[in-house]
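The values are calculated or read from the model by the stated rules, or taken from the named source; none is laboratory data. Predicted model only: the values in this text are computed from it and were never measured. Neighbour counts are summed over all protein chains in view; Cβ atoms, including those assigned to glycine, are modelled from backbone coordinates with ideal geometry. Quick note on the areas: whole protein, heavy atoms, side chains included, nothing else; ligands and nucleic acids left out. Shrake-Rupley method; radii C 1.70, N 1.55, O 1.52, S 1.80 Å.
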Amino acid sequence: MALDLLRLPTDSIVRPDKDRFLNEENPFEGMMSRFDRAAELLDLEPGIYKILRNPEKQLIVSVPVMMDNGDVEVFTGYRVLYNTSRGPAKGGIRFDMNVTLEEVKALAAWMTWKCAVVNLPFGGAKGGVICDPLSMSVGELERVTRRYTKGIISLLGPDTDVPAPDVNTNERVMAWLMDTYSMHVGRTENAVTTGKPVEMGGSLGRKEATGRGCMLVTKEALAHLGMDINGATVAVQGFGNVGSIAAKLMAQQGAKVVGISDRAGAFYNAKGIDVDAAIKHVQQHRSLEGFTGGDMIDAEDLLTLEVDVLVPAALENVITTKNAPRIRAKVICEGANGPTTAAADPILDEKGIFVIPDILANAGGVTVSYFEWVQDRMGYFWSEAIVNERLGDIMTRSFGDVLQLSKQHRVNMRTAAYMLSISRVATVHRLRGIYA
């Protein structure tokens, strides 16, 4: 039985629940256009502006791997450390054919602002390997992971750079990474990565953390607008880990989830979708294909449903200038990274849609990753109830901080979140000075 647990099929290692960019614009420059707006409002000094607009380190590595057929393939891997002024770099690793340096830079910058907006003692990083994990065996995935880890090992460490799972990686991949690093340093080092199996230093509540964070800030946003989550209608685009858990937790709060979608299709039920049944269906069939709990609709139509809350939780750049004028949700909770293009922001503003930006909305994941890192370093682990309680404290406080700044400067929540995070990073740079 124990040996059978080690013989995992490839589809249990990777998570093929995300498609790719729709590329309305360069992801790094799109993210930086928001940065520029916030920097202008903060009247950021030119020197600090230049520092924060450039990543600290960009590493490109070749990843030679012996494939199962005996051939050697050489993959390209990236790791970008965007800013480490507030602490070790933190950010995921993704395996995907469409990984680019520009994408990794943008995601590393997002991680910098995300950690700062919830006031964690981390900087931002991101990594990736250009490969097709769905066409690879478990052995090939392990060899890619271990060789990539060796390639970036000069950056890694509990005090320098702490990776986590991302697109097409999971806790098993993090176990391989942790083991590879530990073998090289000659000791077991649990704190070198987060998102690990609980049995080897992972945190309880980590899997649900991003979706739980989305639920918490959505509840706060609705209360701010004079609405109750009990009875609110919700549509979730992307029914992977984040979207499905957000939907489940919102339904438990009394919300009515009327629309869900993944790569297999979108489904609508005006009377409410049985979220538990949908999750069970995906566990059995790997997607929503064949789900009978709602009528199938066009995927694009799900984004424009007349609902109280829209949760884009899968793709980057799905809300663009093309569809933003037709969106009718009152609140958008960005469960994914970068689901709204910068060009679409003013359209949503004009429509009066309350957007909870990604760097706040989906920060629950990195918050519990921080908890995991803390628990690993002190060798004492918390109950799931304590993890969830502390996550709730940080998410609700951070929402309040951003909302207060939004009111004070009369800007939207995204700009306020960027202002808050950039000001926190800039303050540390001013205090530390520039090492000659």
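Where in the chain are the DSSP H helices whose C-alpha atoms run 30 Å or more along the long axis and whose mean Kyte hydropathy is at least -0.5?
Helices meeting the criterion: 384-409.
Between the alpha-carbon centers of segment 120-154 and segment 369-436, tell me the distance in whole angstrom.
27
Accessible area per residue, 1.4 Å probe, Å², for segment 104-251: what's the number?
Accessible area per residue, segment 104-251: 30 Å².
Normalized C-alpha radius of gyration of segment 270-343, against 2.2 N^0.38 Å?
1.20
Helix-only mean residue ellipticity at 222 nm, the chain, DSSP H runs n ≥ 4 weighted -39,500 (n - 2.57), per residue, nearest 500. What is it?
-14000 deg cm²/dmol
What net charge is computed for the residues neighbouring Ile327, neighbours being all others with C-beta under 13 Å from the C-beta of Ile327, Lys and Arg scored +1, Asp and Glu -1?
Charge balance near Ile327 sits at -3.
List the relative contact order of segment 120-235 as a percent without decimals, with contacts defined as Cα pairs under 8 Å and 6+ residues apart.
Averaging sequence separation for qualifying contacts and normalising by length gives 18 percent for segment 120-235.
What share of the DSSP beta bridges in segment 34-135 is antiparallel, in percent to the nearest 5?
75
Could you give the nm distance between label points at Ser137 and Ser62, where each point is 7 Å from its Cα heading toward the beta carbon?
2.5
Would you mind telling me the share, in percent, of accessible area of the chain contributed by carbon and sulfur at probe 1.4 angstrom?
Carbon plus sulfur share of accessible area: 50 percent.
Step through the table entries Lys248/Lys271; Lys219/Lys280; Lys126/Lys150; Lys126/Lys322; Lys57/Lys219, compare each Cα-Cα distance with 27 Å, and write down the pairs that go over it.
Where the Cα-Cα span goes over 27 Å, the pairs concerned are Lys126/Lys322; Lys57/Lys219.
Please give the contour-minus-distance gain from Met97 to His184: 0.36 nm per residue of separation, less the Cα-Cα distance, rounded to one decimal in nm.
That works out to 28.5 nm of additional length.
Which whole-number value in Å² is the accessible area per residue of segment 298-379, probe 1.4 Å?
29
Local charge sum around Ala232 (other residues, Cβ-Cβ under 12 Å, Lys/Arg +1, Asp/Glu -1)?
+1
Percent of alpha carbon pairs in segment 369-436 separated by more than 20 Å?
So the pairs more than 20 Å apart make up 53 percent of the total in segment 369-436.
Calculate the tail of P(r) for the chain: the fraction of all Cα-Cα distances greater than 33 Å, expressed in %.
Tail of the P(r) past 33 Å holds 31 percent of the pairs.
Please give the FRET efficiency for Asn323 paired with Thr427, using the beta carbon to beta carbon distance and R0 = 30 Å, rounded to the nearest 0.05.
0.20
Which whole-number percent is the relative contact order of segment 237-309 (Cα, under 8 Å, 6+ apart)?
RCO, segment 237-309: 30 percent.
Using the Cα gyration tensor of segment 15-145, with a ≥ b ≥ c the square roots of its eigenvalues, what is the shape: rounded (a/c below 1.5), prolate (a/b larger than b/c) or oblate (neither)?
Prolate, because a/c is 1.5 or more and a/b exceeds b/c.
Cα gyration tensor of segment 235-378, axes a ≥ b ≥ c as square roots of the eigenvalues: rounded (a/c below 1.5), prolate (a/b > b/c) or oblate?
Oblate, since a/c reaches 1.5 and b/c is not below a/b.
Between beta-carbons, use under 13 Å as the cut-off and find the net charge around Gly379, counting Lys and Arg +1, Asp and Glu -1.
It works out to a net charge of -2.
What is the gain in length, in nm to one decimal, between Gln404 and Asp159 on full extension, counting 0.36 nm per residue of separation less the C-alpha to C-alpha distance?
Value of the extension gain: 84.9 nm.
Please compare each pair in Lys207/Lys351; Lys207/Lys330; Lys256/Lys330 to a cut-off of 25 Å on the Cα-Cα distance and tell me which ones are over it.
Lys207/Lys351; Lys207/Lys330, as the Cα separations exceed 25 Å there.
Suppose a student asked you for the relative contact order of segment 331-436, using Cα pairs under 8 Å spaced at least 6 residues apart; what percent would you report?
Once normalised by length, the contact order is 26 percent.
Restricting the count to DSSP beta bridges whose residues both fall in the chain, what percent are antiparallel, rounded to a multiple of 5?
Rounded to the nearest five, the antiparallel share is 50 percent.
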